[in-house]
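A.B. asks: Could you have a look at this structure, given as structure tokens, before my questions?
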Amino acid sequence: MDELTTEVLVVGGGTGGTAAALQAARRGVQTVLVSEHSWLGGMLTSAGVAAPDGNELLAFQTGLWGAFLRELQHRQPQGLDHGWVSFFTYDPRIGAEIFADWAQALPNLQWIVGGAPLAVGRRDDRLTYVQFAHLRVYAHLILDGTELGEVLALGEVPHRWGWEWQAEWGEPSAPVAANELTQRYPVQVPTWVVILQDVGEGNSAPAIPPPPIHTPEKFAGAWEQYGAETFLNYGRLPGDRFMINWPIHGNDYGEGIDRLLQSPQAAAEFLQESLWHSQSFACHIQTQLGRRYGLADIFPHALSAYALHPYYRESRRLQGVTTIREQDILPMPQGRVAALPLDATGSVQAIALGNYANDHHYPNYDLPLTSKSIRWGGRWTGTPFTIPYGALIPATVDGLLVCEKNIAVSHIANGATRLQPTVLGIGQAAGMAAALCIERRCQPRELPVRLLQDALLTDPLAPLAVIPLFNLPPYHPQWLTWQQYYLDHPDAYPPDGNAPIAAQPSSPTLTTQAWDQDWTGVFHRHGEQHYTITLQRPHRLTVGTLALVTLRNEVDNQLARLTTGQRISVQGRYNPSGNWLLVEAINVLPENSSSLS
């Protein structure tokens, strides 16, 4: 068996593991990344979720997440605004190319493909190596970036799997005791994503063969409430393709999900059933909607329309120094942001941020959850919250950090922390922490969190926000000043999430590839944060009334000041899937103006 020794070992090339390896190597430490699959990026690429959720506002497009979006815009000339579930949809092959290019550009990052951890070495309370089929890697620090927290299990690191009852942490949405839902689905269920191809009206794609277990009856009414076109456009990708990751009588699958932890054979049985379930759904879609829709050729294996592995929503979860609970992701009273996490000395522990709603997936069950959604930019988004550094550190074990969905988080709060941009931030923070620990020759629990925060904020390639502020985009000249100010003065952190700054400077567009000019019409306000424009004559792309949405704070403020009946000219990108204009700028027209679109 071959052996390697390195400073930092990252196990798993998923979203968090990829980010961790990139950041550690960019900081200059010797890093080995062992990925099970040939694509890096996990949820964002190899799992096929090319429509990421959360951290969509321009102010939250920081760190490796912001860099990834900008590189996608550069490499995908069709733009990113195609579906309606996300503002960013892309060909997953492009995402995989970006992460591979970034990894291969780093001479101190050794990327090894095809390895799943089989054993973990431990000396007293410190992890020392990870063994793969034909390789053992010794490391000063090991990072668990696996999809299901495999290093935690193999290293006998204390962790959780499943629900916690309300008595444990007083979470408002946690069940009081076991019930039918908790017994059937101990964790959120995964989805095996499939990508369909529209071959065009009048053309016929090859028939999608039904799998050995074909259950079309499970999908009855899947898109009944939406209509077929809206259903397909949910995850519309460029190139007339559709990402199928549909929760309503769709391809979520969780029957006997505990098998993932029982044995390799039991896990293989579950995975085979999950894949067949998605194949059955694809066959059902084609049967119902016609041969115009077939399987796309995307992923590098024989079943090329199906992702390389499932989209896992929940993992084994670390028992850490700090545990994120539901209360920690909910807004402050009369506020729009969650409170900052503080340690016993009153120091801010935040090292990454998220803002997605608390979203749980259980087929045919609806879990009532305390709302953390807010209206912003003409649409629904989520309360911003932060990830504390202690959630990455084992409570009792050294030599290890976690950097995926396996952080120390409750089952309930995992519904918000599991999203792709947040996990990229978690991975980036873990990679930076590992590098700083190597530099200082210390263990993760000994690393001053302020040192980590300042390193993330001042990273020369991908500075990462750690304090959520709606009105401070990363290009603002005072961005760093106010990030550090609230680290020093957490008591001054504003409940509305806005720093007291002057008007923002203009910037190049970071949210869309290009905009269509001169959308002119009459503005209408329909309620709180609900805006439309009625075009005054047919536009070359569409007619009628469109919703107005934005990811820019200055435009959000302008929309809030407009009154019904005002004539406006909008710069933005039209999204037919969502029937909206993603607004970059607005000009209010004089009443006697005759400018028409």
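A.B. asks: Probe radius 1.4 Å, ligands and nucleic acids left out: which of Asp488, Asp252 has the largest accessible area, and how do the rest follow?
C.D. replies: On the way: Asp488 90, Asp252 10 Å².
From most exposed to least exposed: Asp488, Asp252.
A.B. asks: For the chain, return all DSSP H helices satisfying: extent of Cα atoms along own axis at least 27 Å; mean Kyte-Doolittle hydropathy at least 0.5.
C.D. replies: Membrane-span-like by this rule: 420-440.
A.B. asks: Could you derive backbone 3J(HN,Hα) for segment 334-343 from the dihedral phi with the Karplus parameters 6.51, -1.76 and 1.60 (θ = phi - 60°), listing whole Hz in sequence and x where the residue is Gly or Pro?
C.D. replies: Karplus-based 3J(HN,Hα) across segment 334-343 equals 6, x, 10, 9, 6, 5, 6, x, 10, 8 Hz.
A.B. asks: To the nearest 20 debye, what is the magnitude of the charge dipole of segment 100-181 about its Cα centre, counting +1 on the Cβ of each Lys and Arg and -1 on the Cβ of each Asp and Glu?
C.D. replies: 480 debye
A.B. asks: A further question on this structure: For segment 302-376, what does the alpha-carbon gyration tensor say about shape, rounded, prolate or oblate, given a ≥ b ≥ c as the root eigenvalues, a/c under 1.5 as rounded, and a/b over b/c as prolate?
C.D. replies: prolate
A.B. asks: Nearest 500 deg cm²/dmol is fine: what mean residue ellipticity at 222 nm does the chain get from its DSSP H runs of n ≥ 4 alone, each adding -39,500 (n - 2.57), divided by its residue count? Spell out each step's value before the answer.
C.D. replies: Details: 13 runs with 138 residues, N = 597.
Rounded to the nearest 500, the figure is -7000 deg cm²/dmol.
A.B. asks: Okay, moving on. Using a 1.4 angstrom probe on the protein heavy atoms only, could you order Asp258, Asp2 from most to least accessible area? Intermediate results must be reported in sequence, preceding the final value.
C.D. replies: Values: Asp258 65, Asp2 105 Å².
Sorted descending by solvent-accessible area, the residues read Asp2, Asp258.
A.B. asks: Let me ask something else. Based on alpha-carbon centroids, what's the gap between segment 345-399 and segment 183-262 in Å, whole number please?
C.D. replies: Using only Cα atoms, the two centres lie 27 Å from each other.
A.B. asks: Counting DSSP beta bridges in the chain, what percent are antiparallel, to the nearest 5?
C.D. replies: 70 percent
A.B. asks: While we're here: When ranked by the protection proxy of mean other Cβ atoms within 10 Å per residue, highest first, what sequence do the peptides 33-45, 552-564 form?
C.D. replies: 33-45, 552-564
A.B. asks: When ranked by the protection proxy of mean other Cβ atoms within 10 Å per residue, highest first, what sequence do the peptides 314-324, 77-87, 471-481 form? All intermediate terms of the calculation are to be shown ahead of the outcome.
C.D. replies: Values: 314-324: 23.6, 77-87: 20.3, 471-481: 17.5.
Going by the mean number of other Cβ atoms within 10 Å, highest first, we get 314-324, 77-87, 471-481.
A.B. asks: Local charge sum around Gly527 (other residues, Cβ-Cβ under 13 Å, Lys/Arg +1, Asp/Glu -1)?
C.D. replies: Here the count lands on +2.
A.B. asks: Pop a pseudo-label 7 angstrom from the Cα along the beta-carbon direction at both Asp2 and Leu181 and give the gap in nm to one decimal.
C.D. replies: In this crude label model, Asp2 to Leu181 measures out at 4.8 nm.
A.B. asks: For Cα extents along the principal axes in Å, which listed value, (i) 90, 63, 52; (ii) 154, 82, 56; (iii) 79, 60, 51, comes from the coordinates shown?
C.D. replies: (iii)
A.B. asks: May I pose another question? If the only charges are +1 at each Lys and Arg Cβ and -1 at each Asp and Glu Cβ, what is the size of the charge dipole of the chain around the Cα centre, to the nearest 20 debye?
C.D. replies: 740 debye
A.B. asks: Name the long-range amide H neighbours of Gly115: under 5 Å, sequence gap of 5 or more, or other chain; modelled H, no Pro or chain starts.
C.D. replies: Ser35, Glu36
A.B. asks: Test of understanding: what is the full-extension gain from Ala268 to Ala395, defined as 0.36 nm times their sequence separation minus their Cα-Cα distance?
C.D. replies: The span from Ala268 to Ala395 would gain 42.6 nm if fully extended.
A.B. asks: Also, quick follow-up: Would you be so kind as to identify which of Ala103, Gly17, Gly63 lies farthest towards the positive end of the dipole of the chain, taking Lys and Arg as +1 and Asp and Glu as -1 on Cβ and the Cα centre as origin?
C.D. replies: Ranked along the dipole, the leading option is Gly63.
A.B. asks: Projected onto the charge dipole of segment 258-395 (+1 at Lys/Arg Cβ, -1 at Asp/Glu Cβ, origin at the Cα centre), which of Gly290, His361, Ala305 gives the Cα projection farthest towards the positive end?
C.D. replies: Gly290
A.B. asks: Label-point separation (nm) for Arg440 and Arg136, each offset 7 Å from Cα along Cα-to-Cβ?
C.D. replies: Using points 7 Å along Cα→Cβ, the separation is 3.2 nm.
A.B. asks: Another question, then. Might you report the magnitude of the Cβ-based charge dipole of segment 269-427 about its Cα centre, with Lys and Arg at +1 and Asp and Glu at -1, to the nearest 20 debye?
C.D. replies: Using Cβ point charges on Lys, Arg, Asp and Glu, segment 269-427 gives about 520 debye.
A.B. asks: Which of the peptides 429-439, 123-133, 446-456 is most tightly packed, and how do the rest follow, judged by the mean count of other Cβ atoms within 10 Å per residue?
C.D. replies: Top to bottom by mean Cβ count within 10 Å: 429-439, 446-456, 123-133.
A.B. asks: Put +1 on the Cβ of each Lys and Arg and -1 on the Cβ of each Asp and Glu in segment 354-417; which of Ser373, Leu392, Ser410 then has its Cα farthest toward the positive end of the dipole?
C.D. replies: Ser373
A.B. asks: Further question on the same structure: How would Asp144, Asp297, Asp240 rank on accessible area, largest to smallest, probe 1.4 Å?
C.D. replies: On the way: Asp144 0, Asp297 110, Asp240 75 Å².
Ranking Asp144, Asp297, Asp240 by accessible area, largest first, yields Asp297, Asp240, Asp144.
A.B. asks: Between Asp454 and Gln319, what is the spin-label point distance in nm, taking each point 7 Å from the Cα along the Cα→C-beta axis?
C.D. replies: With each label placed 7 Å out from Cα toward Cβ, I get 3.5 nm.
A.B. asks: Also: Please express the shape of segment 332-375 as an equivalent ellipsoid: the semi-axes are the square roots of 5 times the eigenvalues of the C-alpha gyration tensor, given largest first in whole angstrom.
C.D. replies: They are 27, 14, 10 Å, listed largest first.
A.B. asks: Report the accessible area of Val199, computed with a 1.4 Å probe over the heavy atoms of all protein chains in place, in Å² rounded to the nearest 10.
C.D. replies: 60 Å²
A.B. asks: Still on this model: Local charge sum around Asn364 (other residues, Cβ-Cβ under 12 Å, Lys/Arg +1, Asp/Glu -1)?
C.D. replies: Net charge in that neighbourhood comes out at -2.
The values are calculated or read from the model by the stated rules, or taken from the named source; none is laboratory data. Since we're looking at a predicted model, the values are computed, not measured. As a convention, Cβ positions derive from the backbone with ideal geometry for all residues, glycine included, and neighbour counts pool all protein chains shown. For the accessible areas, the whole protein counts, side chains as well, though only heavy atoms, and no ligand, DNA or RNA atoms are used. Shrake-Rupley method; radii C 1.70, N 1.55, O 1.52, S 1.80 Å.
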